[in-house]
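Accompanying notes for the structure given below.
The values are calculated or read from the model by the stated rules, or taken from the named source; none is laboratory data. Not measured: the values here are computed from a predicted model. Here Cβ is always computed from backbone atoms with ideal geometry, including for glycine, and neighbour counts include all displayed protein chains. Remember, those area values only see protein heavy atoms, side chains included, never the ligands or the DNA or RNA. Shrake-Rupley method; radii C 1.70, N 1.55, O 1.52, S 1.80 Å.
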Amino acid sequence: MKRVLIITYYWPPSGGSGVQRWLKYARYLPEYGWQPVIYTPENPEAPATDSSLLAEVPLQAEIIRRPITEPYQWYKKITGRRESVNVGFIRTEAEGSESRAELLSRWVRGNFFIPDARCLWIRPSVRFLQHYLRENPVEAIISTGPPHSMHRIAQQLARKTGLPWLADFRDPWTGIDFYADLLLTQPADRLHRRMERSVLSQADVVTTVSGSIRGELLEKGARRAEVIPNGYDPADFAGLSTKVQPASDYFTLTHSGSLVPSRNPRALWEALAKLCRQLPDFRAKLRIRLVGSVDSSVRVSVQEAGLDGNCTFIPYLPHQQALEEVFSADVLLLLINNTANAGGFLSGKVFEYMASGRPILCIGPENGDAAALLQETGSGLTHGFSDTDGITLCLEKWFTNWQHGRPSVQPSAEAVRSYTRPAQAAAIGRLLEELTASQKEASLKSYI
């Protein structure tokens, strides 16, 4: 079995969305002839803890954990905070306004810790991995970001070892929605963009989750970019369709995942309030379940719409329990950040939603990648951020279908099956085979 080094910040027992993509690929890569060697921090600043994910780490995987120093530790001392810190030290509305110390800390983070707060891990990691690889060779290197410091580690390592390098962008770098909130000076912005172009132009291949982001990465200098979308793992769904069913007494709308201010679906709350006024039984039957971290702006919008009596807020759940909530829904809410890069949004949650077979109501760009995916698979409908009337008509129709026991969507099982995690791991395996074969061919030509 060939060995591949995977450099990732997020790894179990860390929870949250950042860990899922490469945990799943690592789980299935051995089936395609690749043994994952995971390099990850020993003491990361994780957004959540989910120890249940440790059971998904393949037995063939070798895990290397090394201590990391991050400015978050100093930031907490300065500000007196104890909880996990949001990326970029950016407060949500739920946390209130920033103090002067927090604002200064955010400015320092944006302008001195480039590309991100994990940059102090780059030099010691390169030094350690150089020595490690001399004793324990691998065939290829993979880095996944954000945080993009992981790409910087891989970049230097690939340069020193000559190994082929795959850089995976789960999210954009300078195109990320919060980039403008980092309080960057012009020199810091130029340095970010120079680093980004350097990584993109030197990686042998860049992978990302959607066609929109792929186009952006090519424009910024990637030599080659491939779309490997997120997906769902059929093993996670074993028995759920029979074990968990929607409650027949309530019309349940569920959102799973964090709800930040830019993801607050005001048009949805207006539509639901309108239906509560217009349809006699709607308010009595309506149940809204928001699973995960919810910003105060969302809670305020729910209250202002008069829906607080219909809404339940559920804190972060382990992955399997979150899936049970998905399977308990009558309608799944796919809420996209109302930001400049909204068209390329295509998280792993979308695919898990599709695998459940429940109707998906997406609120976001009607010409975006998520809308195209739902149309391709027949899994749901998309309405624009301010399309209150369209959302109202959609939910009224789906509520009527629910009352009469009729399905609101008829997904294509074949189309949905094409987005499994094993299928995407196979695509990663093929890319690795291609990269290593190309390197051997180039080395042979050079020798001749």
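A few points about this structure:
- Single residue of region 33-50 satisfying the filter (farther than 28 Å from Arg430 by Cα and free of Cβ contacts under 8 Å to residues at least 40 places away in the same chain) that is surrounded by the fewest Cβ atoms within 10 Å (Cβ to Cβ): Glu42
- Cross-chain or 6+ apart pairs with Cβ under 6 Å, region 404-430 first and under 21 Å from Leu23 (Cβ atoms), then surrounded by fewer than 16 Cβ atoms within 10 Å (Cβ to Cβ): Thr420/Pro234
- Failed criterion for Leu183 (all others in (1) surrounded by fewer than 23 Cβ atoms within 10 Å (Cβ to Cβ); (2) among the aliphatic types (A, V, I, L, M); (3) under 18 Å from Ala222 (Cβ atoms) hold): (3)
- Any hit, region 192-212, residues being closer than 27 Å to Gly390 by Cβ and open to solvent by 20 Å² or more (accessible area, probe 1.4 Å): yes
- Conditions (1) more than 22 Å from Gly429 (Cα to Cα); (2) open to solvent by 10 Å² or more (accessible area, probe 1.4 Å): number failed by Pro30: (1)
- Any chance Arg430 is open to solvent by 90 Å² or more (accessible area, probe 1.4 Å), at pLDDT 90 or above and of a type in the set (D, E, K, R): yes
Yes/no per residue for (1) closer than 30 Å to Glu414 by Cα; (2) part of a loop (DSSP other than H, G, I, E, B); (3) modelled with pLDDT of 90 or more:
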position	(1), (2), (3)
Gly221	no, yes, yes
Glu226	yes, no, yes
Pro229	yes, yes, yes
Ala235	yes, no, yes
Ser241	yes, no, no
Pro246	yes, yes, no
Thr252	yes, no, yes
Glu270	no, no, yes
Ala284	no, no, yes
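- Ala238 falls short on exactly one of the conditions (1) open to solvent by 60 Å² or more (accessible area, probe 1.4 Å); (2) under 24 Å from the mean Cα position of the chain (by Cα); (3) under 30 Å from Ala158 (Cβ atoms), and that condition is (3).
- Test: residue in region 353-374 that is open to solvent by 40 Å² or more (accessible area, probe 1.4 Å), part of a loop (DSSP other than H, G, I, E, B) and in contact with a Ser or Thr (Cβ under 8 Å, 6 or more places away or on another chain): yes
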